[in-house]
Amino acid sequence: MSKPTPGTQQPAKPAAPTAAAPPSPPSQPKPEPARAKKLASTITAQFPDAKVDYLREKRLKVTVSSATIKAVATMVRDDLGFDHPSAVSGVDWIAKNEIEIIYFIGSLTREGLRDFVLAIAERVPRASPVAPSLIDVWTGVEYHERESQEMLGIDFKGNPFKGHFLLPEDWNDMPPLRKDYVSPGR
Amino acid sequence: MTIQTEYDPDSDRIMAVSFGPQHPGAGHFRIKLWLDGDYLVRSEPDPGYIHRGEEKMSEYRNYIQNVPHLERPVILDSCGILFPYALAVDELMNNKIPDRGQYLRVIMAEMNRIISHMYFIAIEGLFTGHTTMITWCMGDRDFWIDLAERIGGARVTFAYIIPGGVRNDMPAGLTEKALDTCDWFEKRMDEYEKIFFKNPMVLTRMRRVGVLSKEDAIRLGAVGTVLRASGVKMDVRKDEPYSHYEDFDFEVPSLDGGDAWSRAYMALLEMRQSVKIIRQAFKNIPQGPVRLKLGPQPRVPAGEVYARTEAARGEMSYHLISDGSPRPYRLKIGSPSFKNLRVLPHLLRNVHVADIPIIYWSLNYWPLEADR
């Protein structure tokens, strides 16, 4: 194999960025993207308890309560066109004693939203993490919910599956993605 | 005596059988089957067998140490799984990647797509009973691996796309060899089409087998070739371009059949587009540096990001949360095989046992990727 020669092709224009660009200071927030802002206001107009976590050019995250998440999900699917469950993630916020469940939803049928991902989040107490399942809204989240159920110990009401999906059948320890689970040998 | 088509747990005609994980047709993956004779009444996938714990493991390592082990779940498409990770870290750090680095990322990602699709068609050929396809594809795949090795340095898992750019520049004088490989491969794909995809035996075995309608594909959350073979033109490279993909002239192929043959044929159509992209990238690659100097332990500001790309199997995504410490607070891999898994029990109903490997492999499913 010939040796890589990274230094041989020098740029004609020396202005190419060679060093890491400094992180943008938080004191200068970027202008809020219009599309995300409009979607956020549509959701908060119907569900006043929805809290907007961040607005970006192609991303929007709203946090809602467990009581309303199903209604919010049905609304964004039917009215706003978010029909593609991209992923379901869960985060163990051990310091706040909460577990966060986040549904990342894209759109396949709405032309102007093909590049957009909407994150709908809810927070449940760590001691009794019970959340409604959204299988009725998006069938595709079924296995994602099973994964979160097993890895973070969330009880999805309405998801028919109870048992081990990805972990070994004889797994008796706590859910491994909880922060207080320490991998053996660590 | 009629065949029972509905699952009835009390029926004494139904037999429960495990397909895999030792079965060569299952590829270390188990499917629980309920059979009435030779007829499949119901199925239930059981993906957990590999148990790598990638997501937990990445919480113990810093952002650069995560690069080599995160590509282990998808050794066939190692650049595909690292690409969104690099994008996620870049977005958190507000990195501006040099243009040459962006082009090299595209070149390697497209080569990996070809390497992965060649494996897919090879295995699909094997389980269709078409031995020529596996020998040809496995042999031809090596030319692309050789080319990628010349760029990346390693043979299968390249660890090439890293936060801040790519690991190293490509050697001088590679462009001609790469363009020759592109020319040769385009002719070779015509031969695949003749010998495999238009073969009457293959058509009989794969046409109208495991049909997934457009509505079901959307409803079940399918991605990648599975989704596009059912008529939905979804490709993150077009929908949400990254790494200068908007500069390249290529199309997103889609088919309306939704059957096993369409899903396999999609791979061929996509490889044609990949060759087109690789050729353009080699011709137009700008000069300059290929990466930013981030150091062995880059400081990643606190934040949350969701990045996605189009890997060989479909939409690959990362949800990354940083708390400002040297290691990720949470890293979630959204892998296309896991997203496509929901389609499997939908298709494996009311078919014969002989069709199981054909339907299963037509999903381009990679077990390690689902069970990360």
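The values are calculated or read from the model by the stated rules, or taken from the named source; none is laboratory data. The shown structure was predicted, so the numbers you read here are calculated from the model rather than taken from an experiment. As a convention, Cβ positions derive from the backbone with ideal geometry for all residues, glycine included, and neighbour counts pool all protein chains shown.
Only residues that are away from chain A (no Cβ under 14 Å), assigned to a helix (DSSP H, G or I) and surrounded by 14 or more Cβ atoms within 10 Å (Cβ to Cβ) were counted across segment B:158-185, and they come to 4.
Residues in segment A:29-58 that are without any contact (Cβ under 8 Å) to a residue 12 or more places away in the chain and under 16 Å from A:F104 (Cβ atoms): A:Y54 only.
Out of all the residues in segment A:61-77, which are part of a strand (DSSP E or B) and among the aliphatic types (A, V, I, L, M)? Step through it out loud before you land on a result.
At the first step, the residues of segment A:61-77 found to be part of a strand (DSSP E or B) are A:61-64.
Answer for segment A:61-77, where residues must be part of a strand (DSSP E or B) and among the aliphatic types (A, V, I, L, M): A:V62, A:V64.
Taking segment B:148-157 as the range and being of a type in the set (A, V, I, L, M, F, W, C), surrounded by 15 or more Cβ atoms within 10 Å (Cβ to Cβ) and more than 14 Å from chain A (Cβ to nearest Cβ) as the test, no residue passes.
Would you check if A:I101 is over 17 Å from B:R308 (Cα atoms) and out of contact with any helix residue (DSSP H, G or I) (no Cβ under 8 Å at 6 or more places or on another chain)? The answer is no for A:I101. On the stretch given as segment B:45-61, residues that are surrounded by fewer than 16 Cβ atoms within 10 Å (Cβ to Cβ), modelled with pLDDT under 90 and not basic (K, R) total 1. Only one entry of B:K332, B:K293 meets the criterion of being facing chain A (nearest Cβ under 10 Å), in contact (Cβ under 8 Å) with a residue 40 or more places away in the chain, closer than 17 Å to B:N66 by Cβ and not hydroxyl-bearing (S, T, Y), and that entry is B:K332.
Here is a yes/no grid of residues against (1) at the interface with another protein chain (Cβ under 9 Å from one of its Cβ atoms); (2) part of a loop (DSSP other than H, G, I, E, B):
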site	(1), (2)
B:M234	yes, yes
B:P241	yes, yes
B:L255	no, yes
B:G258	no, yes
B:V275	no, no
B:A281	no, no
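Only one entry in B:Y39, B:Y49 is more than 22 Å from the chain's Cα centre (by Cα) and touching a residue at least 60 places away in the same chain (Cβ under 8 Å), namely B:Y39. Within segment B:61-76, one or more residues are over 24 Å from B:E310 (Cα atoms) and out of contact with any Phe, Trp or Tyr (no Cβ under 9 Å at 6 or more places or on another chain). Count of segment B:292-312 residues, restricted to those that are crowded, with 24+ Cβ neighbours inside 10 Å, charged (D, E, K, R) and touching a Leu at 6+ places or on another chain (Cβ under 9 Å), is 1. Residues in segment B:290-297 include at least one that is touching a strand residue (DSSP E or B) at 6+ places or on another chain (Cβ under 7 Å) and part of a loop (DSSP other than H, G, I, E, B). The set of residues in segment A:77-106 being more than 9 Å from every other protein chain (Cβ to nearest Cβ) and surrounded by 23 or more Cβ atoms within 10 Å (Cβ to Cβ) consists of A:F82, A:I99, A:I101, A:Y103, A:I105. Considering only segment A:165-180, state which residues are at the interface with chain B (Cβ under 8 Å from one of its Cβ atoms), closer than 22 Å to B:R330 by Cα and either modelled with pLDDT under 90 or assigned to a helix (DSSP H, G or I) (or both). The answer is A:F165, A:L166, A:L167. Against the test of being touching a His at 6+ places or on another chain (Cβ under 9 Å) and either without any contact (Cβ under 8 Å) to a residue 24 or more places away in the chain or of a type in the set (F, W, Y) (or both), the options A:P168, A:P160 yield a single qualifying residue, A:P168.
Within segment B:227-249, can one find any residue that is among the hydrophobic types (A, V, I, L, M, F, W, C) and under 21 Å from B:D142 (Cα atoms)? No, there is no match, as no residue in segment B:227-249 is among the hydrophobic types (A, V, I, L, M, F, W, C) and under 21 Å from B:D142 (Cα atoms). Only one entry of A:F161, A:F116 meets the criterion of being under 14 Å from the mean Cα position of the chain (by Cα) and either surrounded by fewer than 23 Cβ atoms within 10 Å (Cβ to Cβ) or more than 7 Å from every other protein chain (Cβ to nearest Cβ) (or both), and that entry is A:F116. Within segment A:133-158, no residue satisfies the criterion of being more than 18 Å from the chain's Cα centre (by Cα) and at the interface with another protein chain (Cβ under 9 Å from one of its Cβ atoms).
Are any residues in segment B:313-326 on the phi < 0 side of the Ramachandran plot, surrounded by 21 or more Cβ atoms within 10 Å (Cβ to Cβ) and more than 7 Å from every other protein chain (Cβ to nearest Cβ), and if so, which ones? Correct list: B:R313, B:M316, B:Y318, B:L320, B:S322. Among residues of segment B:205-229 that are facing chain A (nearest Cβ under 9 Å), those with a Cβ under 9 angstrom from a residue that is acidic (D, E), sequence gap 6+ or separate chain, pair up as B:I218/A:D83; B:R219/A:D83; B:L220/A:E142; B:G221/A:E142; B:A222/B:D216; B:V223/B:E310; B:V223/B:E315; B:L227/B:E315. The strands (runs of 3 or more DSSP E) found entirely in segment A:78-136 that carry 3 or more residues being of a type outside the set (A, V, I, L, M) and touching a Gly at 6+ places or on another chain (Cβ under 8 Å) are A:84-93. Collect the residues in segment A:59-83 that are closer than 21 Å to B:D239 by Cα and touching a residue at least 60 places away in the same chain (Cβ under 8 Å), keeping them in residue-number order. Hits for segment A:59-83 are A:R59, A:K61, A:R77.
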